[in-house]
Amino acid sequence: MNLEKLKERLKNYSKEDIIITNHAEIQAIVRDVELEEVKQNVLHPDKLVFVNEQKADKQDEEKYECYFAYSKTHAHKYVMVLNRKIIIVTIININRDWQKIIEGK
């Protein structure tokens with residue numbers, strides 16, 4: 001799925017549709033990322049700049065590695081699984097040139 005299609009699709013979900021795994025919640029705490037900010041980024045994906053589709057574990061799911069940019073040197077990376085809900089599997093706070101990271105993908 002391309003970037004614009006995913007942005008439009010995310011806008012159809014509600015806050016109640018977002019599930020953050022225990023692993024992702026711990027990562028957010030350790031990396032000083034607010035869970036409310038994560039939810040807002042997903043529901044209002046204006047900062048979403050790069051999407052990399054990954055292999056999902058189940059046939060009725062889609063899995064994406066998503067980069068939400070705040071500046072040239074600050075971004076959040078979320079790994080999300082989409083089905084009827086949005087499951088946030090991983091939350092990473094990137095404090096370096098994220099553009100170089102996605103160039104290698």
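Restricting the search to the range 59-97, which residues are out of contact with any Lys or Arg (no Cβ under 6 Å at 6 or more places or on another chain), closer than 16 Å to Pro45 by Cβ, without any contact (Cβ under 8 Å) to a residue 60 or more places away in the chain and of a type outside the set (Ser, Thr, Tyr)?
Glu65, Ala75, His76, Lys77, Val79, Met80 - these are the residues of the range 59-97 that are out of contact with any Lys or Arg (no Cβ under 6 Å at 6 or more places or on another chain), closer than 16 Å to Pro45 by Cβ, without any contact (Cβ under 8 Å) to a residue 60 or more places away in the chain and of a type outside the set (Ser, Thr, Tyr).
Test Val49 against the criterion of being within 23 Å of Ser14 (Cβ to Cβ) and within 11 Å of the chain's Cα centre (by Cα), and give yes or no.
no
Quick one: Asp32 ticks every box in (1) on the phi < 0 side of the Ramachandran plot; (2) more than 14 Å from the chain's Cα centre (by Cα) except a single one, so which number is it?
(1)
How many of the residues making up the range 1-55 are within 22 Å of Arg96 (Cα to Cα), of a type in the set (A, V, I, L, M) and not in a helix (DSSP H, G or I)?
Number of matching residues: 4.
Filter the range 70-89 down to the residues that are part of a strand (DSSP E or B) and over 18 Å from Asp17 (Cβ atoms) and list them by number.
Tyr70, Ser71, His74, Ala75, His76, Lys77 - these are the residues of the range 70-89 that are part of a strand (DSSP E or B) and over 18 Å from Asp17 (Cβ atoms).
Rule-based calculations on the coordinates, nothing more; no lab input. Nothing here was measured: the structure is a model prediction, and the numbers come from that model. Here the Cβ is made from the backbone with ideal geometry for all residues, glycine too, and neighbour counts use every protein chain on show.
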